[in-house]
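Notes follow the structure.
Any read-out appearing in this document is the output of simple, stated calculations on the displayed coordinates, not a laboratory observation. Small disclaimer: the values here were computed from a predicted structure and weren't measured. With ideal geometry, Cβ positions are generated from the backbone for all residues, glycine too; neighbour counts draw on all protein chains shown.
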Amino acid sequence: MTLLIGILLALACALATNVGFLYKHRGACAAPAVDIRRPFWTARSLYSSRWFAVGMLVATVAWVFHVAAMAVAPLSVVQPVLAGGVVLLAVMAEQMLGVRVGRRQWLGLGLTAAGLMLLGLTLPATHGAQSRFSLPGMIAFESGLIVVGALLIMGPRIGAPAVHHGFMLGAAAGIMFGVSDVAIKAITGLVGSAGITGLISPWTLVILAASVTAFYASAKGLQDGDAVPVIAITGTAASVAGIVGGIIVFGDPMPGNPVVLVVQCLAFAAVLVAAWLMPAPVRAPGALA
């Protein structure tokens with residue numbers, strides 16, 4: 001029964017997350033360009049946009065659902081359910097923003113949802129919230145995610161194509177959301193064993209730092225990139241980080257059947273192919289002319 005409640009909370013979170021992202025995209029595009037050198041001015045400018053403020057309100061409700069889901073269900077169960085909500089993204093984008101979704105994006109969304117949901121279905125059954133964690137595994141995993149997120153944020157400065165920087169910022173935001181999610185999962189276990197004093201932890205600072213970084217990276221990515229690819233890669237990166245974090249950090253079990261393990265590898269491959277498909281192809285300047 002507890003697992004079912006966690007799945008329902010994750011479904012509510014998926015729906016609210018997509019609505020919030022679409023509103024934030026509309027508001028961010030109407031606001032001045034994000035300038036990380038002026039963080040307070042940037043935040044005030046973004047929140048001055050009515051659509052962005054509404055999107056953040058909806059996102060806050062989604063976050064509450066997310067935390068509640070992680071408190072009662074394993075992370076490797078919650079994240080695939082959230083990933084299923086990506087199927088709704090294209091339909092909602094067309095209806096709410098009038099965005100035209102191309103065939104590549106439809107295929108990418110389909111592969112993303114199929115891959116992540118297949119990962120969730122093939123993970124062995126677990127019982128309880130599964131909040132106990134390995135401290136060395138937690139430190140190594142979170143540090144690795146932070147490094148990857150930082151490299152994506154730097155993007156063009158280290159030789160990546162500038163035309164896809166919005167997409168990379170979306171991926172970076174998703175990774176930072178994943179950092180926050182894993183730390184939140186750990187905090188729920190600490191609070192469950194030590195009470196409210198469990199909040200007095202270095203992981204609380206990690207949550208705050210990762211959330212702030214994700215906020216600015218996501219806003220800039222929504223300004224610089226197309227709505228559907230940026231939102232989709234943000235959710236996908238967060239989901240993959242959550243699934244892998246559940247296995248590495250919290251000891252969620254891996255399948256013992258080799259066939260099932262191969263299926264999981266294929267599911268991860270589908271997610272990677274989807275990430276490659278989502279951005280529109282870049283044409284040469286001569287072709288555009």
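It is to be established whether one or more residues within the stretch 5-21 are without any contact (Cβ under 8 Å) to a residue 60 or more places away in the chain and either surrounded by 22 or more Cβ atoms within 10 Å (Cβ to Cβ) or under 24 Å from Gln223 (Cβ atoms) (or both).
Yes - at least one qualifying residue is present in the stretch 5-21.
Of all residues in the stretch 27-57 being part of a loop (DSSP other than H, G, I, E, B) and of a type in the set (Lys, Arg), which is surrounded by the fewest Cβ atoms within 10 Å (Cβ to Cβ)?
Residues of the stretch 27-57 that are part of a loop (DSSP other than H, G, I, E, B), as a first pass: 31-38, 49.
After this cut, where a residue has to be of a type in the set (Lys, Arg) as well, the list is 37-38.
Values: Arg37: 6, Arg38: 12.
For the stretch 27-57, the residue satisfying everything is Arg37.
Within the stretch 149-205, take every residue that is among the small types (Gly, Ala, Ser) and closer than 16 Å to Ile231 by Cβ and give me the one that is surrounded by the fewest Cβ atoms within 10 Å (Cβ to Cβ).
The extreme case among them is Gly166.
Do you know which of the residues in the stretch 1-58 that are hydroxyl-bearing (Ser, Thr, Tyr) and closer than 28 Å to Met117 by Cβ is farthest from the chain's Cα centre (by Cα)?
Within the stretch 1-58, the subset hydroxyl-bearing (Ser, Thr, Tyr) is 2, 17, 23, 42, 45, 47-49.
With the extra rule that they be closer than 28 Å to Met117 by Cβ, the set shrinks to 2, 17, 23.
Details: Thr2: 24, Thr17: 10, Tyr23: 17 Å.
Among residues in the stretch 1-58 that are hydroxyl-bearing (Ser, Thr, Tyr) and closer than 28 Å to Met117 by Cβ, the one farthest from the chain's Cα centre (by Cα) is Thr2.
Give the residues of the stretch 213-264 that are surrounded by fewer than 24 Cβ atoms within 10 Å (Cβ to Cβ) and of a type in the set (Ser, Thr, Tyr), sorted by residue number.
Thr213, Tyr216
List pairs: first residue in the stretch 88-114 and more than 29 Å from Gln264 (Cβ to Cβ), second residue of a type in the set (Val, Ile, Thr) and not in a helix (DSSP H, G or I) anywhere in the structure, Cβ distance under 9 angstrom, at least six positions apart or on different chains.
Hits for this filter: Ala93/Val99; Ala93/Val101; Glu94/Val101.
Examine the stretch 264-272 for a residue that is in contact with a helix residue (DSSP H, G or I) (Cβ under 6 Å, 6 or more places away or on another chain), among the hydrophobic types (A, V, I, L, M, F, W, C) and closer than 14 Å to Gly174 by Cβ, and state whether such a residue exists.
Filtering the stretch 264-272 for residues in contact with a helix residue (DSSP H, G or I) (Cβ under 6 Å, 6 or more places away or on another chain) gives 264, 267, 270-271.
Still in the running and among the hydrophobic types (A, V, I, L, M, F, W, C): 267, 270-271.
Pick out the ones that are also closer than 14 Å to Gly174 by Cβ and you get 271.
Taking every residue of the stretch 264-272 in turn, at least one turns out to be in contact with a helix residue (DSSP H, G or I) (Cβ under 6 Å, 6 or more places away or on another chain), among the hydrophobic types (A, V, I, L, M, F, W, C) and closer than 14 Å to Gly174 by Cβ.
Considering the stretch 245-265 alone, what residues qualify as being small (Gly, Ala, Ser) and not in a helix (DSSP H, G or I)? Break it down into steps so the answer makes sense when it comes.
Quick first cut of the stretch 245-265, residues small (Gly, Ala, Ser) only: 245-246, 251, 256.
Matches in the stretch 245-265: Gly251, Gly256.
Within the stretch 136-177, work out how many residues are farther than 21 Å from Ala28 by Cβ, of a type outside the set (A, V, I, L, M) and in a helix (DSSP H, G or I). Step through it out loud before you land on a result.
Filtering the stretch 136-177 for residues farther than 21 Å from Ala28 by Cβ gives 136-148, 150-151, 157-161.
From the residues that got through so far, the ones that are of a type outside the set (A, V, I, L, M) too are 136-137, 141-144, 157, 159, 161.
Checking the rest, the ones that are also in a helix (DSSP H, G or I) come to 136-137, 141-144, 157.
Looking only at that region, the number is 7.
Which one of the conditions (1) closer than 23 Å to Thr122 by Cβ; (2) touching a Lys or Arg at 6+ places or on another chain (Cβ under 9 Å) does Thr2 fail to meet, given that it meets all the rest?
With (1) closer than 23 Å to Thr122 by Cβ; (2) touching a Lys or Arg at 6+ places or on another chain (Cβ under 9 Å) applied to Thr2, the lone miss is (2).
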